[in-house]
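Report on one structure; see the data block that follows.
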Amino acid sequence: MKTILPLLFLAALGGCDALTPSGLVAAARLDPLTTSPDQVALAVTVPDTVRLRSGDAVLSLAFRADGADMPAVSETVPLMIAPATTASPGTRRYVARIAPADAPRLAAAQSAIRALRASGTEGAGSLGVSVERGCTTAPLGDTLPISTAIRTDPDAPFVPLTRSVDAFERLPPAEAAALRARFAPCDAL
């Protein structure tokens, strides 16, 4: 598990066509089993009508042994979302980090996966980030363009991980409708 299997802000959005070359290199350098949770920062760029708050996105780390139906290790932690900045006209960039209170849970999952691997257990790992909810200042359009970036060194710039992709187009229709429903008007919250 030397690479991120996908690292995207919405599960199932990824695809080789969405990854940037620099994002692929950055993902290959990140070892999700040894990188300290406090070193990882993720950024997502969305339309400027979308608002995300702490807890609206989660990070999941899992390991499934070959032939197993269920993961041997599975941990999900909410992400802290910093106030957005303007990325480009019409877009906002949110930076997400693992909360210090949740870092030990993620570190324990990393340790458990390392122990399984050390014992010879073969399998596949995954590290994913998904948006669970949010709100909008205007109705969502027909598309929901999202791009992601990653930083594992606080002194380094973010490296683009994925190009802008339409979340609604990438998801099956039922999942796209469910995602759309989780974005209520901000004034209704």
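The values are calculated or read from the model by the stated rules, or taken from the named source; none is laboratory data. In this text the structure is predicted, and so the values were computed from the model without any measurement. Every residue, glycine as well, gets a Cβ built from its backbone with ideal geometry; the counts of neighbours run over all protein chains shown.
Quick check: is even one residue across the range 168-176 at pLDDT 85 or above, among the aliphatic types (A, V, I, L, M) and either within 14 Å of the chain's Cα centre (by Cα) or not in a loop (DSSP other than H, G, I, E, B) (or both)?
Yes, because at least one residue in the range 168-176 is at pLDDT 85 or above, among the aliphatic types (A, V, I, L, M) and either within 14 Å of the chain's Cα centre (by Cα) or not in a loop (DSSP other than H, G, I, E, B) (or both).
So, GLY128, is that one part of a loop (DSSP other than H, G, I, E, B), closer than 22 Å to ALA68 by Cβ and not polar (S, T, N, Q) or not?
no
Among the residues of the range 129-158, how many are closer than 29 Å to LEU106 by Cα, of a type in the set (Val, Ile, Thr) and either surrounded by 21 or more Cβ atoms within 10 Å (Cβ to Cβ) or touching a Pro at 6+ places or on another chain (Cβ under 9 Å) (or both)?
Of the residues in that region, 5 qualify.
Take the range 73-89 and flag every residue that is in contact with a Phe, Trp or Tyr (Cβ under 8 Å, 6 or more places away or on another chain) and surrounded by 16 or more Cβ atoms within 10 Å (Cβ to Cβ).
Matches in the range 73-89: VAL73, ILE81, ALA84.
If you go through the range 90-98 one residue at a time, do you hit one that is of a type in the set (Ser, Thr, Tyr) and modelled with pLDDT of 90 or more?
Yes, there is a match, as at least one residue in the range 90-98 is of a type in the set (Ser, Thr, Tyr) and modelled with pLDDT of 90 or more.
List pairs: first residue in the range 40-62 and more than 18 Å from THR76 (Cα to Cα), second residue surrounded by fewer than 17 Cβ atoms within 10 Å (Cβ to Cβ) and at pLDDT 85 or above anywhere in the structure, Cβ distance under 7 angstrom, at least six positions apart or on different chains.
From residues that are more than 18 Å from THR76 (Cα to Cα), the pairs are PRO47/GLY90; ASP48/GLY90; THR49/THR137; THR49/ALA138; ARG51/THR137; ARG51/CYS186.
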